[in-house]
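Only one structure is covered here, and it is reproduced in the block below.
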Amino acid sequence: MATISTADLHPRFVKIKWSDGRMSSFHHVWLRDNCPQKRHPQTNHRVDETSAIPLDIEPTSATVVDGALQVLWSDDHQSTFGADWLAEHDYSSGIRREKPKPVLWDGTFTPHVPRMTYEQLYNDTQARIAWIRAFRDYGVAIMTEMPTAEGTVAKVGDELGRVRDTSWGRVFDVKSIAKANSVAYTSLPLVLHTDEGYRDPAPTVQLQHFLVSESTGGDATLVDGFKVAHDLREQAPEKFDVLCNTELYFHFADVDIVLENDGPIIELDPAGNIKAVRFSNHSCQPFLIDEDKMEAYYDAYSTFGAMREDPRYRIQIPMGAGEMYMVNNRRVMHGRTGFTSGGNRHLQSCYIELDELYGRLSILERAALATH
Ligand SMILES: [Fe+2]
């Protein structure tokens, strides 16, 4: 419980002294913009237009009334800010929105990949919450003991979020087929990649369900792209920068559709945190960059490419029938080892999106809190 002792009006700021002696400052324009009485009572959306507030707006007074900060404005509007609310939004003391931070992993991660059974998905809310939270941390999770009926992956996708319908359909099959239009449909090893770099936006979560897995080999290979990017940043910052600052062109064409999108291998947020990794060597088009930067780009791209295939980073998981892995497609690269083409092998995949997955997690967490 925060307690305000005094409030003082200064040019541009209201200064608060807390009961423990700490000081905080709030800009006048910020206070007017965030006035709790200027929020819609149901939606909590802002009702006033921020750009219409004069940058030099000044309160006529700032006082502490019943423990709250009361600010009067020259248009007779009155704003009342609770002490706890101010403490939770005290940007002058370094309060920032806390986002979940990814937990990086490497090739030693295999025994720690989060697992949950199909039965737990439906009947054990705590296990489900823990599994999705772990997925948010690591970008990968496995579900076991699933039915091997076709379409199960979409049922699970719609339970976790909402299946994204693309030109492949809601669900797409991966079998080894004779007239393959992708290396995915052969028995060859599949190098590590993120999916669908040529879509805008690329799907954010892939679910890959093994219905039949009789061939020898064909293990799932998975790499934390954030870990590779993080280590590259430490070992060769100039190569890291090049991969962040150079946009590549990704393209796919089939009889029914042409898909194209552009983006860098590594995407950063404005604070410099790694936000997304996009690596799809097979669908990446010829690099068209300045002549004097070409060799340096190849050097950086090849370094990242070799790191992603290094066993130091890669986990390798044999996947049996009735098992499914789920990856954050903006972070974790997936592939597979080669397999004998004799045995039957059938996978079904679908895409869902992170916002729906985490949005439903929040509802589950809220419901779990309410019952305790
Ligand atoms: Fe893929």
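The values are calculated or read from the model by the stated rules, or taken from the named source; none is laboratory data. Here the structure is a predicted model, which means the values were calculated and not measured. Note that we place each Cβ from the backbone using ideal geometry, even for glycine, and neighbour counts take in every protein chain shown.
Of the residues Gly305, Gly272, which single one is at positive phi and modelled with pLDDT of 95 or more?
Gly272
Mind checking which residues of region 316-344 are among the aliphatic types (A, V, I, L, M) and in contact with a helix residue (DSSP H, G or I) (Cβ under 7 Å, 6 or more places away or on another chain)?
Hits for region 316-344 are Ile317, Met324, Met326, Val332, Met333.
Can you tell me which residue is modelled with the highest pLDDT among those in region 178-194 that are of a type in the set (S, T, N, Q) and more than 10 Å from the ligand (Cβ to nearest atom)?
Ser187
If a residue counts only when it is buried (at least 18 other Cβ atoms within 10 Å of the Cβ) and touching a helix residue (DSSP H, G or I) at 6+ places or on another chain (Cβ under 7 Å), which helices (runs of 4 or more DSSP H) contained entirely in region 20-138 have at least 1 such residues?
Correct list: 118-123, 125-138.
One line per residue, one yes/no per condition, for (1) surrounded by 19 or more Cβ atoms within 10 Å (Cβ to Cβ); (2) at pLDDT 95 or above:
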| residue | (1), (2) |
| --- | --- |
| Ala202 | yes, yes |
| Ser215 | no, no |
| Leu232 | yes, yes |
| Pro237 | no, yes |
| His251 | no, yes |
| Ile257 | no, yes |
| Phe279 | yes, yes |
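Tally up the residues in region 139-156 that are touching a Lys or Arg at 6+ places or on another chain (Cβ under 8 Å) and assigned to a helix (DSSP H, G or I), please.
1
Scan region 317-340 for residues that are within 15 Å of the ligand (Cβ to nearest atom) and of a type in the set (Phe, Trp, Tyr) and jot them down.
Tyr325
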